[in-house]
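A.B. asks: Take this structure, written in structure tokens, and hold onto it; I'll ask about it next.
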Amino acid sequence: MQLLDGKALSETIKNELKNESDALRQKGVIPCLAVILVGDDPASQTYVNSKEKSAHTSGIASIVKRLPAHTSETELLNLIDALNNDTSVDGILVQLPVPKHIDSAKIIEAIDPKKDVDGFHPFNVGRLMAGLDGFVPCTPFGVMKLLEAYNINVRGMDACVVGASNIVGKPMMNLLLNASATVEICRSSTKNLKEHTLRADLIVVGVGKINLLTADMVKEGAIVIDVGINRNAEGKIVGDVDFANVAPKCSYITPVPGGVGPMTIAMLLANTVKSAKQRVL
Ligand code: GUN
């Protein structure tokens, strides 16, 4: 069993991005990411702080707009419009979830697809589905980079994606399809989930449920990618996989923390630098 070390790979990627940012600076372009956080959800605050810190280590400027929970949809749309029109801003990210009185689909569609570094705008969703270049959602993009770094070619593999969210499961399915895997998508409500996961050479789990994937659900030699981030009863961060018992059966597995999480942030920065490069074309 080999660990897929997302922490180490993310550091390498962030160093490479620092060099690319420095080269852009020489040409008068400072890559800039704008992050909008509405309300005071503690997990979202942690993610946003971490995005801000990592941007700086990669030579990317960041603007963080922290707005009160009672911010109206119109106020948020106006802010997005201003950032869309600000030529010094390369990437715009609205941290999800947004408060209930705001329609997240409307917010996502308001972001200029050329600045949509989350890859959530239907324009980029469609491009990914069609196998065209665009912005790819950071978490599944990070999973593909991690597999590539360990020379794992998914072509012809039976892949099982557990979780069908717009942020993880659906784009993961498209990336694996584009890389010539045979892909099945399951969710927490799937009947006999084990029947599906047991067949898979590659399992990607992102549901948000502790110990969802147990050793009896995994084929000997499978590759397991854990996208879950949960806090257990002792307050420790754990994934969706029963790591201690699943790991011995795997050829490769991601730890939590230190697997997919740090890759997500690295890919957000990569998308921001990619966007900034468009300014010098
Ligand atoms: N909330 C949880 N994950 C994400 C993400 O990747 N992007 C945004 N904008 N919000 C999130």
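A.B. asks: Does residue 143 satisfy the condition of being within 21 Å of residue 33 (Cα to Cα) and under 14 Å from the mean Cα position of the chain (by Cα)? Give the steps one after another, and end with the answer.
C.D. replies: Numbers: within 21 Å of residue 33 (Cα to Cα): no; under 14 Å from the mean Cα position of the chain (by Cα): yes.
When the stated conditions are applied, residue 143 does not pass them.
A.B. asks: Now for a separate question. With the range 1-115 as the region, which helices (runs of 4 or more DSSP H) entirely inside it contain at least 2 residues that are acidic (Asp, Glu)? Show your work before the answer.
C.D. replies: On the way: elements: 6-26, 42-57, 73-85, 104-110.
Passing ranges, in order: 6-26, 73-85.
A.B. asks: Now, a different point. Output the residue which, of all residues in the range 220-238 that are buried (at least 18 other Cβ atoms within 10 Å of the Cβ) and either without any contact (Cβ under 8 Å) to a residue 24 or more places away in the chain or part of a loop (DSSP other than H, G, I, E, B) (or both), is nearest to the chain's Cα centre (by Cα). Before the answer, list the steps.
C.D. replies: First, pick out the residues of the range 220-238 that are buried (at least 18 other Cβ atoms within 10 Å of the Cβ): 222-229, 238.
Next, from what is left, pick out any that are either without any contact (Cβ under 8 Å) to a residue 24 or more places away in the chain or part of a loop (DSSP other than H, G, I, E, B) (or both): 222, 227-229.
Numbers: 222: 22, 227: 9, 228: 11, 229: 12 Å.
Filtering first and then ranking leaves 227.
A.B. asks: Hey, another quick one. Can you tell me which residue among 248, 262 is exposed (fewer than 15 other Cβ atoms within 10 Å of the Cβ), modelled with pLDDT of 95 or more and part of a helix (DSSP H, G or I)?
C.D. replies: Matching residue, one of 248, 262: 248.
A.B. asks: Determine the pairs where a residue that is over 18 Å from residue 269 (Cβ atoms), located within the range 86-97, has a partner that is more than 16 Å from the ligand (Cβ to nearest atom) with Cβ atoms under 9 Å apart, the partner being 6 or more residues away or on another chain.
C.D. replies: Close Cβ pairs (under 9 Å, with a partner that is more than 16 Å from the ligand (Cβ to nearest atom)) amount to 86/32; 87/279.
A.B. asks: Something else about it: Can you tell me how many residues in the range 98-117 are in contact (Cβ under 8 Å) with a residue 60 or more places away in the chain and either within 15 Å of the ligand (Cβ to nearest atom) or touching a Cys at 6+ places or on another chain (Cβ under 9 Å) (or both)?
C.D. replies: Initial filter on the range 98-117 (in contact (Cβ under 8 Å) with a residue 60 or more places away in the chain): 98-99, 102, 114-115, 117.
Restricting the remaining residues to those that are either within 15 Å of the ligand (Cβ to nearest atom) or touching a Cys at 6+ places or on another chain (Cβ under 9 Å) (or both) gives 98-99, 102, 115, 117.
Residues that pass the stated criteria total 5.
A.B. asks: Here is a further query. Here are some residues: 63, 30, 36. Which one is buried (at least 20 other Cβ atoms within 10 Å of the Cβ) and either of a type in the set (Val, Ile, Thr) or without any contact (Cβ under 8 Å) to a residue 24 or more places away in the chain (or both)?
C.D. replies: Working: 63 fails: buried (at least 20 other Cβ atoms within 10 Å of the Cβ); 30 fails: buried (at least 20 other Cβ atoms within 10 Å of the Cβ).
Within the list 63, 30, 36, the selection yields 36.
A.B. asks: Can you confirm whether the range 69-79 contains a residue that is surrounded by 15 or more Cβ atoms within 10 Å (Cβ to Cβ) and within 18 Å of residue 261 (Cα to Cα)?
C.D. replies: For the range 69-79, residues surrounded by 15 or more Cβ atoms within 10 Å (Cβ to Cβ) and within 18 Å of residue 261 (Cα to Cα): absent.
A.B. asks: If you don't mind, another one. Look through the range 36-79, keep the residues that are of a type in the set (A, V, I, L, M) and in contact with a Leu (Cβ under 6 Å, 6 or more places away or on another chain), and return whichever of them is nearest to the ligand (Cβ to nearest atom). Show your work before the answer.
C.D. replies: Kept after step one, since they are of a type in the set (A, V, I, L, M), are these residues of the range 36-79: 36-38, 43, 48, 55, 60-61, 63-64, 67, 69, 76-77, 79.
Pick out the ones that are also in contact with a Leu (Cβ under 6 Å, 6 or more places away or on another chain) and you get 38, 48, 55, 60.
Values: 38: 11, 48: 9, 55: 14, 60: 16 Å.
Within the range 36-79, the match that is nearest to the ligand (Cβ to nearest atom) is 48.
A.B. asks: Oh, and also: Hey, does the range 144-166 have a residue that's within 30 Å of residue 198 (Cα to Cα), within 13 Å of the ligand (Cβ to nearest atom), open to solvent by 70 Å² or more (accessible area, probe 1.4 Å) and of a type outside the set (Asp, Glu)? Give the derivation first.
C.D. replies: Here is the first cut: in the range 144-166, the residues within 30 Å of residue 198 (Cα to Cα) are 144-166.
Keeping just the survivors that are within 13 Å of the ligand (Cβ to nearest atom) gives 163, 165-166.
With open to solvent by 70 Å² or more (accessible area, probe 1.4 Å) added as a condition, the list becomes 166.
With of a type outside the set (Asp, Glu) added as a condition, the list becomes 166.
There is at least one residue in the range 144-166 that is within 30 Å of residue 198 (Cα to Cα), within 13 Å of the ligand (Cβ to nearest atom), open to solvent by 70 Å² or more (accessible area, probe 1.4 Å) and of a type outside the set (Asp, Glu).
A.B. asks: Would you point out which residue out of 57, 46 is hydroxyl-bearing (Ser, Thr, Tyr) and over 16 Å from the mean Cα position of the chain (by Cα)? Break it down into steps so the answer makes sense when it comes.
C.D. replies: Values: 46 fails: over 16 Å from the mean Cα position of the chain (by Cα).
Unique residue meeting the criteria: 57.
A.B. asks: While we're here: From the list 241, 256, exactly one residue is touching a Phe, Trp or Tyr at 6+ places or on another chain (Cβ under 8 Å) and either β-branched (Val, Ile, Thr) or buried (at least 16 other Cβ atoms within 10 Å of the Cβ) (or both). Which is it? Step through it out loud before you land on a result.
C.D. replies: Details: 241 fails: touching a Phe, Trp or Tyr at 6+ places or on another chain (Cβ under 8 Å).
That would be 256, the only listed residue that is touching a Phe, Trp or Tyr at 6+ places or on another chain (Cβ under 8 Å) and either β-branched (Val, Ile, Thr) or buried (at least 16 other Cβ atoms within 10 Å of the Cβ) (or both).
A.B. asks: Still on this structure, please answer the following. Of everything in the range 118-141 that's within 15 Å of the ligand (Cβ to nearest atom) and assigned to a loop (DSSP other than H, G, I, E, B), which residue is surrounded by the fewest Cβ atoms within 10 Å (Cβ to Cβ)?
C.D. replies: Among those residues, the one meeting the criterion is 121.
The values are calculated or read from the model by the stated rules, or taken from the named source; none is laboratory data. Every value quoted in this text rests on a predicted model; they were computed, and no experiment measured them. When we count neighbours, we look across all protein chains shown, and the Cβ atoms used for this are built from the backbone with ideal geometry, even at glycine. The area values use the complete protein model at the heavy-atom level, side chains included, leaving out ligands, DNA and RNA. Shrake-Rupley method; radii C 1.70, N 1.55, O 1.52, S 1.80 Å.
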